[in-house]
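Have a look at the structure below, then the notes.
The values are calculated or read from the model by the stated rules, or taken from the named source; none is laboratory data. No experiment lies behind these values; they were computed from the predicted model shown. FYI the Cβ positions are ideal-geometry reconstructions off the backbone, even for glycines, and counts take in every protein chain you see.
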Amino acid sequence: MFTTGDLGVSLEAALPAAYGSIAVSYGNGEGTHLREQNNGKNTTIAAHIRPLGRHLPRLVLHLLYRDGSLGAGSAADRRFAGGVTYEGRKLGAGAIGTWAMGWQGLGARDAGHLTAFVRGELPRRLYLFARSDLLWPDVKDAGAIQLRLIGGVAYALPMLIRILVSYEGTLPFGSLTQAVPSLREHDLLIQIEARL
């Protein structure tokens with residue numbers, strides 16, 4: 001639910017005793033792919049808090065607020081996001097929610113997004129991963145939800161080669177089932193990665 005600007009400045013300060021950081025940024029527009037809308041400006045404040053400091057540095061709370069606008073009419077494009085992640089070497093998991101005040105150029109439309117993920121390393125060089133995304137493109141139509149699911153398994157071979165097999169699916173609910181073109185999608189992916 002965020003688009004990056006193509007020009008801006010940011011400052012980040014570390015909190016004492018490894019408790020995280022706070023950052024502020026100011027940028028213009030939505031990036032080079034929407035040049036005609038770049039008269040909008042974005043001010044963003046982000047905090048990454050490690051509540052247990054050095055005792056458990058991999059546990060991180062995330063908070064973000066963006067005061068933004070876009071288009072010739074400076075339509076609202078504000079975001080509030082928050083979540084928690086655990087960034088372990090063998091286990092990772094997290095969930096982050098975003099509330100959009102202004103969505104797809106409509107300043108009066110609110111939207112919501114929730115993502116959750118988990119990844120894990122098993123014995124014998126096996127890895128599992130899964131992610132789900134829920135998108136409410138208009139919160140006034142609570143039944144209109146787009147669900148995206150990703151899940152799979154990876155196996156690391158010797159000599160820096162990894163094989164991944166995964167499923168990716170998109171499922172619409174409510175009024176989104178009538179969208180044209182259809183949002184429904186199912187894919188089975190087989191990938192081979194080589195690290196040089």
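A few points about this structure:
- Qualifying residue in segment 169-190 (condition: over 16 Å from PRO137 (Cα atoms), in contact with a Leu (Cβ under 6 Å, 6 or more places away or on another chain) and surrounded by fewer than 14 Cβ atoms within 10 Å (Cβ to Cβ)): no
- Within segment 118-155, the residues that satisfy the criterion of being in contact (Cβ under 8 Å) with a residue 24 or more places away in the chain, within 16 Å of THR170 (Cα to Cα) and in contact with a Ser or Thr (Cβ under 9 Å, 6 or more places away or on another chain) are GLY143, ALA144, GLN146, LEU147, GLY152.
- Residue match in segment 174-191 (condition: over 22 Å from the mean Cα position of the chain (by Cα), of a type in the set (Lys, Arg) and not assigned by TED's automatic domain parsing to the domain that holds GLN104): no
- Any hit, segment 169-178, residues being free of Cβ contacts under 8 Å to residues at least 24 places away in the same chain, touching a Pro at 6+ places or on another chain (Cβ under 7 Å) and over 26 Å from GLY92 (Cβ atoms): no
- Enumeration of residues in segment 76-92 that are of a type in the set (D, E, K, R) and either modelled with pLDDT of 90 or more or within 15 Å of the chain's Cα centre (by Cα) (or both): ARG78, ARG79, GLU87, LYS90
- The one condition from (1) over 19 Å from the mean Cα position of the chain (by Cα); (2) surrounded by fewer than 17 Cβ atoms within 10 Å (Cβ to Cβ); (3) among the charged types (D, E, K, R) that ARG109 does not meet is (2).
- Applying the criterion of being touching a Leu at 6+ places or on another chain (Cβ under 9 Å) and surrounded by fewer than 16 Cβ atoms within 10 Å (Cβ to Cβ) to the residues of segment 91-105, the residue that is nearest to GLY120 (Cα to Cα) is ALA95.
- Test result for VAL153, at pLDDT 90 or above, of a type in the set (Val, Ile, Thr) and not assigned by TED's automatic domain parsing to the domain that holds ARG195: no
- Test result for TYR65, assigned to a strand (DSSP E or B), in contact with a strand residue (DSSP E or B) (Cβ under 7 Å, 6 or more places away or on another chain) and loosely packed, with under 14 Cβ neighbours inside 10 Å: no
- Test: ILE150 is touching a strand residue (DSSP E or B) at 6+ places or on another chain (Cβ under 6 Å), closer than 30 Å to LYS41 by Cα and hydrophobic (A, V, I, L, M, F, W, C): no
- Looking only at residues in segment 51-75 that are of a type in the set (Lys, Arg) and at pLDDT 90 or above, the one that is farthest from the chain's Cα centre (by Cα) is ARG58.
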